[in-house]
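Structure first, then comments.
The values are calculated or read from the model by the stated rules, or taken from the named source; none is laboratory data. Values in this document were obtained by computation on a predicted structure and should not be read as measured data. So basically every Cβ, Gly included, is an ideal-geometry build from the backbone, and we count neighbours across all protein chains shown. To get the accessible areas, we keep the full protein, side chains included, count just its heavy atoms, and leave off ligands, DNA and RNA. Shrake-Rupley method; radii C 1.70, N 1.55, O 1.52, S 1.80 Å.
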Amino acid sequence: MNVANTPDIFYPSQEVIDQANVSDYEAMYKYSVEDREGFWAEQAETLSWFKKWDTVLDESNAPFYKWFDGGQINIVHNAIDRHLENANRNKMAIIWEGENGQKRNFSYNGLNREVCQFANVLKSMGVEKGDVVTIYMPQIPELVFAMLACAKIGAVHSVVYGGFSTEALASRIDAAHSRVLITADGGWRRGKQIDLKSIADDAMKRSPSIEVCICVKNNELDVEMEPSRDFWLHDLKALPIAGSTCETEPTEAEDPLFILYTSGTTGQPKGMVHTHGGYAVYTSTTHRMAFDIKPQDRWWCAADPGWITGHSYIVYGPLINGATIMLYEGAPNYPYPNRWWQIIENYGINILYTSPTAIRGLMRFGERWPKKHDLSSLRLLGSVGEPINPEAWKWYHSVIGNGKCPIIDTWWQTETGGFMICPLPVTPLKPGSATKPFFGNEITIVNDDGVEVAANEEGKLMINNPWPGMARTVYKDAQRYKDLYWAEVDGKWRYLAGDSAKKDDDGYIWVIGRIDEVLKVSGYRLGTSEVESALVSHPSVTEAAAVGLPHELKGNAIHTYVILKDGVVADNKLALELKAHVGAEMGKIAMPEAVEFVDSLPKTRSGKIMRRVLKARALGQDEGDLSTLEE
Ligand code: WTA
């Protein structure tokens with residue numbers, strides 16, 4: 001192809017085309033939607049199964065679909081064990097750098113030893129197949145070991161992002177009813193030690209289900225250890241029971257692999273459940289095809305393993321594909337704004353996958369920081385988490401990728417498990433569009449009645465088919481899963497993503513943003529209701545509303561409206577105190593940008609806060625239809 005680029009379309013170079021794992025998107029796409037089961041069965045064949053499946057897709061209880069039912073597999077058998085039998089055995093699996101310069105590397109063989117020991121430790125603490133283990137850790141290798149150790153023995157992990165705080169952790173432990181918590185004494189962020197264990201201690205006071213807490217020693221913090229409950233991992237690993245071999249437990253393809261809590265429109269976060277079989281097939285296939293993974297690649301997904309991006313594309317997809325993964329613990333601009341560029345040069349990273357918010361954040365320091373470094377090892381770049389604005393896209397493309405690296409903008413969700421819309425490296429790119437559906441997926445943009453809208457018109461993003469990586473349910477709340485995401489249109493179950501989007505004349509999809517009250521703050525997904533409950537838990541507050549307003553760097557910034565209890569004086573000091581309170585309950589990322597004291601909130605007659613009215617007022621926009629407003 002190699003057509004000249006225009007300001008709006010970027011074509012792949014001949015070099016990119018020549019080495020592509022998949023060179024003809026259109027042909028493969030046609031096949032994948034005409035014979036969806038055939039396509040996915042072929043992908044599943046590339047994995048190791050203990051027992052082959054009976055059916056590829058079971059639709060008998062839709063929208064509760066089953067994939068590869070009757071098959072037996074374990075994702076760890078694919079992510080680690082099978083690599084030990086070939087040349088990957090001594091290949092680097094994880095390269096880790098701590099913020100303060102510490103370095104640790106693990107070959108696949110070394111990774112296996114760590115995971116086996118950890119799995120034996122979990123067994124010795126009574127963890128059994130199907131038990132939910134909560135993990136609350138900084139970005140250290142032990143976080144990955146802990147996840148894989150759970151999966152290896154058939155236990156279900158529930159990772160809570162290490163940047164969350166007490167209430168966020170406590171409510172997730174409670175919802176999953178975990179008996180075991182894995183944490184660390186602390187982590188590092190911008191040169192400071194973050195005291196995770198004391199946050200975990202407070203959370204455990206609120207969540208009595210925890211009987212055992214396994215703590216990793218990661219820094220120099222003095223922490224309290226409760227003798228009958230808290231154990232140091234290094235002490236447990238020194239016991240004879242923690243031998244360096246451990247059999248991988250065969251699990252059913254549909255057995256749960258993990259729960260990941262994510263924010264929705266209302267109420268408590270939902271525990272999305274993913275499985276061993278379909279998820280393994282989906283994450284490895286998407287990663288291999290969209291990012292053209294080669295055996296010698298050094299892959300860096302600069303997300304936190306505690307979010308879905310990290311689960312699917314730091315841990316599972318890349319390890320199944322036998323890649324070498326980079327893991328960095330700290331902030332992108334610590335101690336200087338060249339930290340990431342230095343890592344790319346030092347380790348010869350080939351593919352960088354990150355978020356628009358990180359790119360915008362680094363872009364503001366100027367070109368001189370990346371220009372100090374040799375970034376020529378980079379072959380592909382990726383983006384995820386929110387729409388990427390064309391300005392950031394072009395900077396990423398020209399300054400970081402030197403004009404030669406396609407940008408793989410991937411649209412997906414915690415619920416989808418892996419990429420749903422994304423280019424392949426050979427796809428001509430339009431900055432700001434995630435381009436076309438990934439194989440097997442048919443996506444339409446529809447109006448409120450589920451009818452497809454015309455090209456270039458905004459509507460709801462709808463997925464018309466099941467896919468192997470889809471979440472199977474909301475933990476302990478199947479009804480909520482069905483009600484929240486699925487609608488029957490023309491006699492078929494369709495998945496509604498909660499995003500608005502447009503399709504242009506070339507069939508390129510442009511995702512606009514959420515249509516519900518989910519916020520994307522620096523790429524992190526948060527619900528307005530969680531911020532509101534954190535505010536209301538403060539003794540001075542009766543009621544609160546949170547909205548997301550556009551923010552140049554963060555995507556969304558949280559603005560809050562607070563009604564105080566009678567007699568409480570509204571002043572700046574209290575506003576600061578409330579911000580800090582949300583930070584302590586939920587985590588720093590949820591701290592509101594602004595707290596405004598008000599006497600009333602716009603509500604519907606049925607008492608629901610009309611956040612869209614607050615938002616429109618704050619932005620000086622038309623308030624829209626006010627017919628349901630009480631007042
Ligand atoms: C948004 C993150 C535009 C979208 C993997 C989605 C995106 C939500 C993109 C899911 C993208 C994610 N372009 N928007 N490339 N990727 N989003 O569950 O609104 O943290 O619904 O999953 O992020 O967020 P989540």
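Here are some notes:
- Residue in the stretch 166-179 that is crowded, with 22+ Cβ neighbours inside 10 Å, within 23 Å of residue 123 (Cα to Cα) and in contact with a Leu (Cβ under 7 Å, 6 or more places away or on another chain) present: yes
- Flag if residue 584 is away from the ligand (no atom under 16 Å from the Cβ), open to solvent by 20 Å² or more (accessible area, probe 1.4 Å), under 30 Å from the mean Cα position of the chain (by Cα) and under 29 Å from residue 170 (Cα atoms): yes
- The stretch 298-321, subset away from the ligand (no atom under 16 Å from the Cβ) and open to solvent by 20 Å² or more (accessible area, probe 1.4 Å), residue nearest to residue 190 (Cα to Cα): 298
- Residues of the stretch 372-382 satisfying the condition of being within 15 Å of the ligand (Cβ to nearest atom) and either open to solvent by 10 Å² or more (accessible area, probe 1.4 Å) or under 30 Å from residue 475 (Cβ atoms) (or both): 382
- Counting only residues that are under 20 Å from the mean Cα position of the chain (by Cα) and either over 24 Å from residue 161 (Cβ atoms) or not aliphatic (A, V, I, L, M) (or both), the stretch 299-338 holds 21 of them.
- Among the residues listed as 262, 324, 285, 275, the single one being more than 16 Å from the ligand (Cβ to nearest atom) and closer than 19 Å to residue 159 by Cβ: 275
- Of the criteria (1) part of a strand (DSSP E or B); (2) surrounded by 20 or more Cβ atoms within 10 Å (Cβ to Cβ); (3) among the β-branched types (Val, Ile, Thr), which one residue 531 fails: (1)
- Counting only residues that are open to solvent by 30 Å² or more (accessible area, probe 1.4 Å) and touching a residue at least 40 places away in the same chain (Cβ under 8 Å), the stretch 335-347 holds 2 of them.
- For residue 408, the test of being open to solvent by less than 10 Å² (accessible area, probe 1.4 Å), assigned to a loop (DSSP other than H, G, I, E, B) and within 14 Å of the ligand (Cβ to nearest atom) is failed.
- Residue check for residue 385: in contact with a Ser or Thr (Cβ under 8 Å, 6 or more places away or on another chain), open to solvent by 10 Å² or more (accessible area, probe 1.4 Å) and within 16 Å of the ligand (Cβ to nearest atom): yes
- When residue 131 is tested against (1) more than 30 Å from residue 45 (Cα to Cα); (2) open to solvent by 10 Å² or more (accessible area, probe 1.4 Å), only condition (1) is not met.
- Pick from the stretch 548-568, criterion in a loop (DSSP other than H, G, I, E, B) and in contact with a strand residue (DSSP E or B) (Cβ under 8 Å, 6 or more places away or on another chain), ranking: surrounded by the most Cβ atoms within 10 Å (Cβ to Cβ): 554
- Odd one out for residue 369, checked against (1) in contact with a helix residue (DSSP H, G or I) (Cβ under 8 Å, 6 or more places away or on another chain); (2) open to solvent by less than 10 Å² (accessible area, probe 1.4 Å): (2)
- Residue count for the stretch 350-361, restricted to those that are open to solvent by less than 10 Å² (accessible area, probe 1.4 Å) and touching a helix residue (DSSP H, G or I) at 6+ places or on another chain (Cβ under 7 Å): 4.
- Listed conditions (1) more than 16 Å from the ligand (Cβ to nearest atom); (2) open to solvent by 10 Å² or more (accessible area, probe 1.4 Å); (3) small (Gly, Ala, Ser) are all met by residue 545, apart from (2).
- Index of the failed condition, residue 402 passing every other in (1) within 19 Å of the chain's Cα centre (by Cα); (2) open to solvent by 10 Å² or more (accessible area, probe 1.4 Å); (3) more than 16 Å from the ligand (Cβ to nearest atom); (4) not acidic (Asp, Glu): (1)
- Residues in the stretch 207-220 that are at pLDDT 95 or above and either under 21 Å from the mean Cα position of the chain (by Cα) or open to solvent by 30 Å² or more (accessible area, probe 1.4 Å) (or both): 211, 217.
- Here residue 198 fits the description: hydroxyl-bearing (Ser, Thr, Tyr) and either more than 22 Å from residue 226 (Cβ to Cβ) or assigned to a helix (DSSP H, G or I) (or both).
- Restricted to strands (runs of 3 or more DSSP E) entirely inside the stretch 420-528, those with at least 1 residues that are hydroxyl-bearing (Ser, Thr, Tyr) and open to solvent by 50 Å² or more (accessible area, probe 1.4 Å) are 524-527.
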